[in-house]
1. Can you check how the C-alpha radius of gyration of the chain compares to 2.2 N^0.38 Å, as a plain ratio?
2. Once the convex hull of the alpha carbons of segment 343-424 is built, what does its volume come to per residue, in cubic angstrom?
3. Ignoring ligands, DNA and RNA, what percent of the accessible area of the chain is carbon or sulfur (1.4 Å)?
4. What are the extents of the Cα atoms of segment 160-202 along their three principal axes, in Å, largest first?
5. Expressed as a fraction of 2.2 N^0.38 Å, the rule-of-thumb size for a compact globular protein of N residues, what is the C-alpha radius of gyration of segment 196-243?
6. Using a Cα-Cα cut-off of under 30 Å, which lysines could be cross-linked to Lys257, ignoring same-chain neighbours fewer than 8 residues away?
7. Given the protein chains as shown and a 1.4 Å probe, how many square angstrom of Glu341 are accessible, to the nearest 10?
8. Scan the chain and note any complete DSSP helix (H) whose C-alpha atoms cover at least 27 Å along its axis and whose Kyte-Doolittle average is 1.6 or more.
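The values are calculated or read from the model by the stated rules, or taken from the named source; none is laboratory data. Because the structure is a prediction, the values reported are computed rather than measured. Cβ atoms come from the backbone with ideal geometry, glycine included; neighbour counts cover every protein chain shown. These area figures cover heavy atoms from the full protein model, side chains too; ligands, DNA and RNA do not enter into them. Shrake-Rupley method; radii C 1.70, N 1.55, O 1.52, S 1.80 Å.
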Amino acid sequence: MNNTISRLCLLICLLAGSTAAMAQGQLKNIEVTNSAFSKQGGSLTAALDVRLNDLQVSTNGVHIYTPILVSNADESVRHALPPFMVVGKRRATVLERNARYHNTPDYMTPAPLYTLTRANGTGQSIAYTTETPYQPWMSDAHLEITEWVSGCASCDKGFSTLTFADRILAEPYRPSYTITMIRPEVEQFKRRADSYTATVGFAVDVREIRSSFGDNAAVLKDVDEKVHTLVSNPDLTVTDVTITGYASPEASQAYNKTLSQSRADAFANYLSKKHGLSRSDMRVVGYGEDWAEARRLVEASSLDRKADVLAIIDAEPNADARDAKIKAIDGGATYSRLLREIWPNIRRTVYTVAYNVRSFDVEEAKRILVTNPKLLSLHEMYLVAGTYETDSEEYRQVFDIAARVFPQDPIALMNASAKDLREGNHTAALRRLEPLKDDPRAWNNLGVAYAMSGDSEQAMTYFRKAAEQGDNDARKNSAELQKALGK
């Protein structure tokens, strides 16, 4: 077999990742006495002390050793380092002559990093050192050395492969971070309020509610269902109701103010008569013309002259003059569309029902968490979570619900972020903690989230800030991060 075919066989062996001896080689007669691998930036340095004391090489022999890094997760992922070569005395002489005439044998491609002429029976070694670009999979890789042996130019003795290091790099330190979970305080008086909008229709210049007018039957049915749900719930006590009436801009501002008050009073009377709510517990306000809502609706519309309408709303401070200027646009065509399509949506009644909620024990709270979680306090939700395993779906759901019901509450957000961090979801944790960057209670969890995301600089900043505020967990976490960074 010629040298070209021999080297082709070697390449096939390397690509296949064979770990079994393919022929009777002498790989067992070399010894790697020390191996050291280190990562610096984007480079991996390999250092091997290869002892050859027991190796016998024929005078015309060639032994080529190729160190190969192999992924422990997927052995098809491998990277060959530069080979080193041990030759017999006659072969060394031949190679010297070839070098003078620039004649490189096929088996020396790639070129060996080291070449040693073997003196059989003596103690010899190779201090092998090389550097190669680091790839992330190398953090969990082992070392194999493949030997190709040939006794002469046409006498191939085959290949052998042996594993010399089960893991080239020490497994990185895995920090164990302490995550902050805050026990919410007991909410002594659970006060809640629900706000709804009703678009009750009124005939022109009419102040009382007529259920037969327009869509009032459906609108009032929806109102009745919502209010009845609250007043009939034995766990609630309705304390007060706020009703605000809004008018559209046609007619004068003063007239619309009076009109909106009258219609809000009519809505209050309806609730009192229909649901037994005391008028003395109602605060009724006629807001009048709602130009802020008018502007929002116009901006979202497809009006041809929308820009002109918005410019008038923004520039004219007098409400009645503003209405007159809008009427004058394109001879009143735009105003007619406003009257038909937009102004009716401004005429509405917003009613807010405030109530107190009784306290619940844990078993009651579990049921209510599913049916009507806003009736629970954060403390009650926290107690419910405590009945589940921290890695359970039920546990996770409690804190997600708490953050949804109390989206502005720092403790709800921090506890939900703690749940996220336990799941390894630093992205969700950072999203919840973003509004709390100035809250010292959130700094430890922010540090953990940034550490998990790989931003060690930000993580250390928050751990340091929290530690300065007396947070011992942050102090421990800072030490854990430093160990992980090898400091």
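1. Cα-based Rg divided by the globular estimate yields 1.75.
2. Values: hull volume 10.9 nm³, N = 82.
Dividing the Cα hull volume of segment 343-424 by its residue count gives 133 Å³.
3. On the way: 12380 of 24820 Å².
With neighbouring chains kept in place, the figure for the chain is 50 percent.
4. Projected onto the principal axes, the Cα atoms of segment 160-202 cover 95, 35, 10 Å.
5. The value comes to 1.37.
6. Lys221, Lys226, Lys273, Lys274, Lys306, Lys325, Lys327
7. 90 Å²
8. none
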